[in-house]
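The values are calculated or read from the model by the stated rules, or taken from the named source; none is laboratory data. Everything numeric in this text was worked out from a predicted model, so none of it was measured. Cβ coordinates were reconstructed from backbone atoms using ideal geometry, including for glycine residues, and neighbour counts include every protein chain displayed. For accessibility, only protein heavy atoms count, side chains too; no ligands or nucleic acids. Shrake-Rupley method; radii C 1.70, N 1.55, O 1.52, S 1.80 Å.
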Amino acid sequence: MRQVRNNPGDQSEWQKMRRQCGWYEERVPAWLETSDRGGLRAYFFYTLTDTRQERPIGVCMLMLEQTDNGTIMACREEKRCELMSLFVYPEYRQNHYALEMSSTLVDIAFRQLDQQTVTVMHRADLPSTVRIFDQLGFVEFYREPKPHWANSGLIGVHRRLTRREYQERRSR
C-alpha cells in the first residue's frame, strides 16, 4: 500500500479506476488537491507479490473534511472521517482485498489520525459490500431512498463505526 500522490501517473491510474467503476472520474483532480491540503488520504493497494508496486489492485480513501457532495459524513472538528471510493479491479475481486483495504483504512483512521468515528455510504443492493462493513462492525444509522450519488431506484446505506466500538472489537 502507498499513499496516492498528486502527479500525472497517479491521477491517470485513479481516473482509470473511477472510469471502470463508473463513478466520479471527474472528481479525481479535486480529490488530489484536497489531499495536498490534508483533507483526505487516498491509498493504492498492491498484492504482496508486487513488491515493486507496479500495478495497484485497487484504491480507497479517507475523507477528513466536509466533501462537496452535500453530506456531512466527514467533519474535522468532530474527528469524523468517511471511508470512500473503495475500488478493486475485477480480476482481484473475491479474494477479500476489499475487506483488507477497508480494515487497513479503519486502523489508520483510529490509530494514526485520531478519529472518533469512521463513516461510510454504500449501495444497499450489493451483498458483498454489506458483508464487508458488517464484518468490520459498522452500524447502519440512515437509509437514503434516493441518494444524491446514485442512479434512481437505488437505496444508499449510511453506516458508522465509533472508536469505542472499534476498540471493543479489537479486544475480543
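Miscellaneous remarks
- The chain - percent relative contact order, Cα under 8 Å, separation 6 or more: 15
- Given charges at beta-carbon only (K, R positive; D, E negative), |dipole| of segment 76-148 in Debye: 100
- In segment 1-72, trypsin sites (Lys or Arg not before Pro) in a DSSP loop with at most 16 other beta-carbon atoms within 10 Å: Arg5, Arg37, Arg52
- Percent accessible area from carbon and sulfur atoms, the chain, protein chains only, probe 1.4 Å: 46
- Loop-located trypsin sites (Lys or Arg not before Pro) in segment 89-159, at most 16 other Cβ atoms within 10 Å (DSSP): Arg93
- Ligands, DNA and RNA are left out, and with a 1.4 angstrom probe the accessible area of segment 1-111 is 51 Å² per residue.
- 4 °C / 1.567 mPa s Stokes-Einstein diffusion coefficient of the chain, Kirkwood radius on C-alpha pairs, µm²/s: 79
- Local electrostatic count, Ile132, Cβ distance below 13 Å [Lys/Arg +1, Asp/Glu -1]: +2
- Site pair Met1 and Tyr89 shows an inter-label distance of 1.9 nm when each label is modelled 7 Å from Cα along Cα→Cβ.
- Charge dipole of the chain about the Cα centre (unit charges at C-beta), most positive-ward option of Val28, Ser85, Tyr97: Tyr97
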